[in-house]
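The values are calculated or read from the model by the stated rules, or taken from the named source; none is laboratory data. Just so it is clear, the structure is predicted and the values come from calculations on it, not from any experiment. Cβ placement follows ideal geometry from the backbone for every residue including glycine, while neighbour counts extend to all protein chains displayed. We work out accessible area using only protein heavy atoms, side chains counted, and drop any ligands, DNA or RNA first. Shrake-Rupley method; radii C 1.70, N 1.55, O 1.52, S 1.80 Å.
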Amino acid sequence: MGEPQLYSVSQLHNLDEASIKETVRDWLVMTRLLLEPVEMSINGEEEPFDLIKLSGAIGELTLTDDKWFQVKKGDMESTVHFLGTTLFEKTLINESIYQHWEPVYLDYLSKRLEKYGFFGYIRAHDEYLYHNTSEIEKRRRFESAEKTQALPKMRGINGELVVDCNSFPGYDVFHTGHCLTSCWRMFYGEPYKQLFPKQLLLEIQQVERVVELGDGVVIELYKNPFQWNEKANLKFQRLFRDQLGVPQLSFTNGVGLLKQPYIEFAFEDTVVQTVQYQNEQFQPAEKSEASYFVTRTYDFINDQYRVHRMKGALNALAYFPWIDDREEKMMNYHILYPERTLDQGLAAYEYYIRDAIELELSDKRYYDYTAILKFFIPERALEDFPLEGLKGKLTDMNIRQISQDNNTIQFSLEKGKNQLMVVFADQRTVSGNGQINMLQT
């Protein structure tokens, strides 16, 4: 694959016409130092690098433009795309070039993010490719067929077999327009407060460095971006992703990562609430292993922040957030897309069912409540539901009162002293505004 390369991405926002021209001119100066470009393109029209022509095009930029400029030399390149008041920048340079210009280039990126930063990251390009390449044939460029064969798989958008990148710590996903990932160095700007209270980012554990930059936060996971595949660094990368709750906020495999969370979220209008799980040493822990619970509540419009840490045991609300005291029912639900899986969603159904029925409740108040677990799945998945396959996964449980109609599949489970009602319903029963009739069975 040639010399290792560094890959950087940044998104700037709230730019006016003058600042757009200034930031693109600064980009041109920096890339001329890094690349000594020999080719360029303006909106895809490739031609030899022409400083006068490119500078003139930059001088004509307005807020109504949707344009992108690219400069290249060999396998190194840099691109800026500006749309309205937003600018996206991506750069790919060889390791030797980065090492020569490291302090200059990092200072250049920091100053831009400090002033206009929305989001940014810097990482080894090999790491980015390994964690974000789902197409099996494209993975031939950097790994053997045997290694690819051992990786988890899923169905792509068109039903094709692809690698499930959700299992990788450095996989890029999006939630409400925010990029979420885990890599060598990341910047989270002021808009990310809608997901993460700033203090949560500043108190993140087991990372190399955390510093404030402007209205945002820079987090560095380990010392050398090109040593990403060392066992310890991959562990830090995974732990950061888990601490940030990326698997809870966004996934592309239809069913989630099927593992215990380190943090959970609740969003309501202008307020975000997070619950972090910690062990006896106040270190990040999986939900089921937690001894301490750190609750943060942040009103990002009024900038009101509260935090509370308490020791205790998980109660019924932690697993069944919707409770009807009058009917003595408690419920949780998942919206899944089993068509993206290779097993019709069986592994996911089993995981979520066991997570609910194998719970040991410490709150005696809810012992006699009916526990309900709902799955909202597409109509086609209901029509071709693998009921016999699911029974085969749950042989250690008693299955009773199985009922099916056009819109639901329902049954009761019993394991030891615990009971659970499981309901599979058509996703169309979720209204357009996301409202769900939580406790109706």
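Residues of the stretch 80-119 being open to solvent by 60 Å² or more (accessible area, probe 1.4 Å), touching a residue at least 24 places away in the same chain (Cβ under 8 Å) and not in a helix (DSSP H, G or I), which ones? Hits for the stretch 80-119 are Thr85, Phe88, Lys90. Within the stretch 120-154, if we keep just the residues that are in a strand (DSSP E or B) and in contact with a Ser or Thr (Cβ under 7 Å, 6 or more places away or on another chain), the residue that is surrounded by the fewest Cβ atoms within 10 Å (Cβ to Cβ) turns out to be Met154. Looking only at residues in the stretch 371-402 that are in a helix (DSSP H, G or I) and of a type in the set (Gly, Ala, Ser), the one that is most open to solvent (accessible area, probe 1.4 Å) is Gly392.
Scanning the stretch 334-368 for residues that are in contact with a Lys or Arg (Cβ under 6 Å, 6 or more places away or on another chain) and farther than 19 Å from Gly159 by Cα yields a total of 2.
Identify the residue in the stretch 201-228 that is under 18 Å from His125 (Cβ atoms), part of a loop (DSSP other than H, G, I, E, B) and hydrophobic (A, V, I, L, M, F, W, C) and, among all such residues, is least open to solvent (accessible area, probe 1.4 Å). Checked the stretch 201-228; the qualifying residue least open to solvent (accessible area, probe 1.4 Å) is Leu221. Is it true that some residue in the stretch 89-102 is of a type in the set (Asp, Glu), at pLDDT 95 or above and under 25 Å from Pro191 (Cα atoms)? Taking every residue of the stretch 89-102 in turn, at least one turns out to be of a type in the set (Asp, Glu), at pLDDT 95 or above and under 25 Å from Pro191 (Cα atoms).
Per-residue answers, yes or no, for (1) more than 27 Å from the chain's Cα centre (by Cα); (2) among the basic types (Lys, Arg):
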position: Val38; (1), (2): yes, no
position: Glu46; (1), (2): yes, no
position: Gly56; (1), (2): yes, no
position: Asp65; (1), (2): yes, no
position: Pro103; (1), (2): yes, no
position: Ser110; (1), (2): no, no
position: Lys115; (1), (2): no, yes
position: Leu129; (1), (2): no, no
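Number of residues in the stretch 251-274 that are over 21 Å from Ser167 (Cβ atoms) and not in a strand (DSSP E or B) equals 2. Report, by residue number, each residue of the stretch 298-334 that is over 27 Å from Met421 (Cβ atoms) and not in a loop (DSSP other than H, G, I, E, B). Residues satisfying the conditions are Tyr298, Asp299, Gln304, Tyr305, Arg306, Val307, His308, Arg309, Met310, Lys311. Among the residues of the stretch 321-331, some residue qualifies, meaning at least one is under 15 Å from Thr408 (Cβ atoms) and among the hydrophobic types (A, V, I, L, M, F, W, C). Within the stretch 171-194, which residues are of a type in the set (S, T, N, Q), open to solvent by 10 Å² or more (accessible area, probe 1.4 Å) and assigned to a loop (DSSP other than H, G, I, E, B)? Residue satisfying the conditions is Thr176 alone. Among the candidates Arg296, Arg306, the residue that is touching a Ser or Thr at 6+ places or on another chain (Cβ under 7 Å), modelled with pLDDT of 95 or more, of a type in the set (D, E, K, R) and open to solvent by 40 Å² or more (accessible area, probe 1.4 Å) is uniquely Arg306. Considering Leu336, Leu342, Leu314, Leu359, the condition of being of a type outside the set (S, T, N, Q), under 20 Å from Asn166 (Cα atoms) and open to solvent by less than 60 Å² (accessible area, probe 1.4 Å) is satisfied by Leu336 alone.
Is it fair to say Phe168 is modelled with pLDDT of 95 or more, among the aromatic types (Phe, Trp, Tyr) and buried (at least 16 other Cβ atoms within 10 Å of the Cβ)? Yes.
Any residue that is charged (D, E, K, R) and free of Cβ contacts under 8 Å to residues at least 12 places away in the same chain - is there at least one of those in the stretch 58-79?
yes
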